[in-house]
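Note sheet for the following structure.
The values are calculated or read from the model by the stated rules, or taken from the named source; none is laboratory data. This is a predicted model, so every value here is computed, not measured. Positions of Cβ are generated from backbone atoms using ideal geometry, with glycine treated the same way; all protein chains shown enter the neighbour counts. Ligands, DNA and RNA are stripped out before the accessible areas are found, and what is left, the full protein with its side chains, is counted by its heavy atoms. Shrake-Rupley method; radii C 1.70, N 1.55, O 1.52, S 1.80 Å.
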Amino acid sequence: MERKVSYNDVKKTVENAFEQFKSLHDGIVDSRLTQAKGGGFGISIALIDGRTINVGDTQTLFPIGSLAKIPMSVVLLSQNTPQELTKKSGRGCCKCKDRSSRPEIPFSPHGVRAVSAIVPQGDADGKYEIIVNKLIDMAGSEPVLDDQLFKAFCQEADNSNSVKAFTESGYELYDDPAISIEVFNKLRALQLCSEQLAAVGATIAADGCCPVTGEYAFDGSIASTVVAMLSARGMKHKMKSWIIETGLPAKGGFGGGIVAVLPGFGAIATYSPELNECGLSLKGAKAIEYIARELELNVFASARVVVE
């Protein structure tokens with residue numbers, strides 16, 4: 001079963017969303033984004049056939065933050081079965097016990113544990129390289145490291161005695177804490193633009209085939225699990241209301257980027273550094289919700305959306 005929409009209708013909807021929300025200024029820019037200025041806004045759509053729509057500041061680079069968990073998840077699923085990964089994530093029957101032992105650190109302990117589970121072990125450069133290469137394969141182009149932000153993250157980790165916090169808490173890692181923290185923080189400091197981020201999402205929507213290069217970034221058999229992970233954990237504190245209101249699995253980061261994925265269609269990526277109370281891009285979240293509603297994009301709908 002298919003439902004067809006025209007490319008021109010998609011383009012017009014994106015343009016309408018941009019015009020409707022570009023003047024919003026109620027959010028707050030993260031203090032770590034010393035280069036960012038309020039007011040920036042871009043919307044990108046990447047379809048699985050390679051067609052794109054870009055409106056606004058779609059070439060502006062922003063740190064991906066927790067969006068780094070997307071290529072990390074793809075690597076983990078390439079190295080583990082979903083059942084093995086669920087066990088390693090600590091989200092099984094011992095979830096409550098695991099939560100009580102979380103170290104008090106200023107970044108995601110779960111993100112550090114995910115990095116620690118990635119092979120190779122004991123090799124920071126090797127671990128970082130395999131994740132970054134996966135991100136390049138999905139985006140079809142290279143990210144840019146914000147070295148100043150990475151150093152700030154490292155200083156933040158040192159100031160909070162993060163290695164000691166992991167050791168004393170008993171929070172389970174699969175590699176050396178110092179290596180895992182370093183790699184995770186370096187990944188968080190990588191920068192993409194919304195056009196690149198849309199390509200990352202569209203690669204998932206196309207069962208692992210990057211629409212920019214036409215080459216497979218990963219085995220398509222794991223794409224549905226990546227989408228499921230985005231549905232379950234992608235939008236942090238807003239995850240339940242988000243998936244109900246938009247119907248699109250998505251993930252956002254403190255840098256102002258959000259990507260939403262619809263298998264068989266493509267992805268919507270937005271950028272605006274002003275964040276709402278949930279730590280999500282204010283304009284981006286509203287734009288994606290608007291586009292999803294106007295075009296009736298919903299991962300739970302029976303009909304697959306085809307763009308003519």
Note to self: Positive end of the dipole of the chain, charges at C-beta (+1 Lys, Arg; -1 Asp, Glu), about the Cα centre: which of Ala250, Gly220, Gln196 has its Cα farthest in that direction?
What the structure shows: Ala250
Next item on the list: Could you pull the accessible area for His25 with a 1.4 Å probe, rounded to 10 Å²?
Entry: 110
Next item on the list: Measure off 7 Å from each Cα along the Cα-to-Cβ vector at Ser160 and Ala228, then give the distance between these two points in nanometres to one decimal.
Entry: 3.0
Checklist line | Accessible area, probe 1.4 Å, largest first, for residues Ser162, Ser224 | finding: Ser224, Ser162
Margin query: With a 1.4 Å probe and all protein chains kept in place, how much accessible area does Met229 have, in Å² rounded to the nearest 10?
Written below: 70
Check: Ranked from highest to lowest mean number of other Cβ atoms within 10 Å per residue, what is the order of the peptides 252-265, 173-186?
Finding: 252-265, 173-186
Next item on the list: Specify the residue with the greatest mean-square fluctuation among Leu190, Leu145, Leu282, computed from a Gaussian network of the chain linking alpha-carbon atoms under 10 Å apart.
Entry: Leu145
Check: So which GluC sites (Glu not before Pro) in the range 242-303 pass both tests, a DSSP loop state and at most 12 other Cβ atoms within 10 Å of the Cβ?
Finding: Glu277, Glu296
Check: Once every DSSP H run of n ≥ 4 in the chain is given -39500 (n - 2.57) and the sum is divided by its residues, what mean residue ellipticity at 222 nm do you get, rounded to the nearest 500 deg cm²/dmol?
Finding: -14000 deg cm²/dmol
Next item on the list: With a probe of 1.4 Å, find how much accessible area the chain has per residue, and write the answer as a whole number in Å².
Entry: 44
Checklist line | Percent accessible area from carbon and sulfur atoms, the chain, protein chains only, probe 1.4 Å | finding: 50
Item checked: Contact order normalised by residue count of the range 186-308, Cα under 8 Å, 6+ apart, percent -> 23
Note to self: Quick check for me: using +1 on Lys/Arg Cβ and -1 on Asp/Glu Cβ, what's the dipole size of the chain about its Cα centre, in debye to the nearest 20?
What the structure shows: 860
Next item on the list: Can you tell me the alpha carbon radius of gyration of the chain divided by the globular rule-of-thumb value 2.2 N^0.38 Å?
Entry: 0.95
Next item on the list: Determine the relative contact order of the chain: mean sequence separation of Cα pairs under 8 Å and six or more apart, normalised by residue count, in whole percent.
Entry: 30
Item checked: Net lengthening on full extension, Glu294/Gln83 (0.36 nm per residue, minus Cα-Cα) -> 72.3 nm
Item checked: Distance violations [Cα-Cα > 30 Å] among Lys4/Lys88; Lys88/Lys251; Lys4/Lys87; Lys186/Lys283; Lys127/Lys164 -> Lys4/Lys88; Lys4/Lys87
